[in-house]
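The values are calculated or read from the model by the stated rules, or taken from the named source; none is laboratory data. The structure presented is a predicted model; accordingly, all values stated were derived computationally and were not measured. Cβ: placed from backbone, ideal geometry, glycine included. Neighbour counts: every protein chain shown. Please note that ligands, DNA and RNA were not included when accessible areas were found on the heavy atoms of the full protein model with its side chains. Shrake-Rupley method; radii C 1.70, N 1.55, O 1.52, S 1.80 Å.
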Amino acid sequence: MDEAATARAAAAAALGLRTDLDGAAQAGLARLVTADPDPGVRATALAALVRAGRVAAPPAWRAAAADDDATVRRRAADTAPALADALTLDELVALLHDTDAWVAEAAAFALGERGDRDAVPAL
């Protein structure tokens, strides 16, 4: 991660600590999740958005779950329990079949945290 990406990630992380994010701030984080060229920034922005911006988080989570970079997909799996009410079981089960073992492991953990007995056959 270069210096500019580090600065963007730090700014995103700081926003994630706030509890009063308005729609514009949530939209800005969502844009970082979906469009930043650095996967570390995308992953950090997703975590911040899930922590602080519940309205914009589910669509950004879906984009992150389909990201080309495994780091971002893993962050999606890691943050899934916080969005359990907004995500379908199928969205999480799909991550179990990820080509990256770390993503699949995080998805399995997220499904366990969900506590949904319908997830057992997938596990």
Pairs with Cβ under 9 Å, 6+ apart, first in region 52-75 and without any contact (Cβ under 8 Å) to a residue 40 or more places away in the chain and more than 19 Å from ALA27 (Cα to Cα), second β-branched (Val, Ile, Thr) and surrounded by fewer than 19 Cβ atoms within 10 Å (Cβ to Cβ): ALA70/THR99
Subset of region 30-63 [within 23 Å of GLU3 (Cα to Cα) and of a type in the set (Gly, Ala, Ser)]: ALA30, ALA35, GLY40, ALA43, ALA45, ALA47, ALA48
Flag for ARG75 being of a type in the set (Lys, Arg), under 26 Å from ASP38 (Cβ atoms) and either out of contact with any Pro (no Cβ under 6 Å at 6 or more places or on another chain) or modelled with pLDDT of 95 or more (or both): yes
Filter pass, ARG8 being among the charged types (D, E, K, R) and closer than 25 Å to ASP100 by Cα: no
Helices (runs of 4 or more DSSP H) (entirely within region 11-121) containing at least 3 residues that are open to solvent by 50 Å² or more (accessible area, probe 1.4 Å): 23-35, 70-79, 101-114
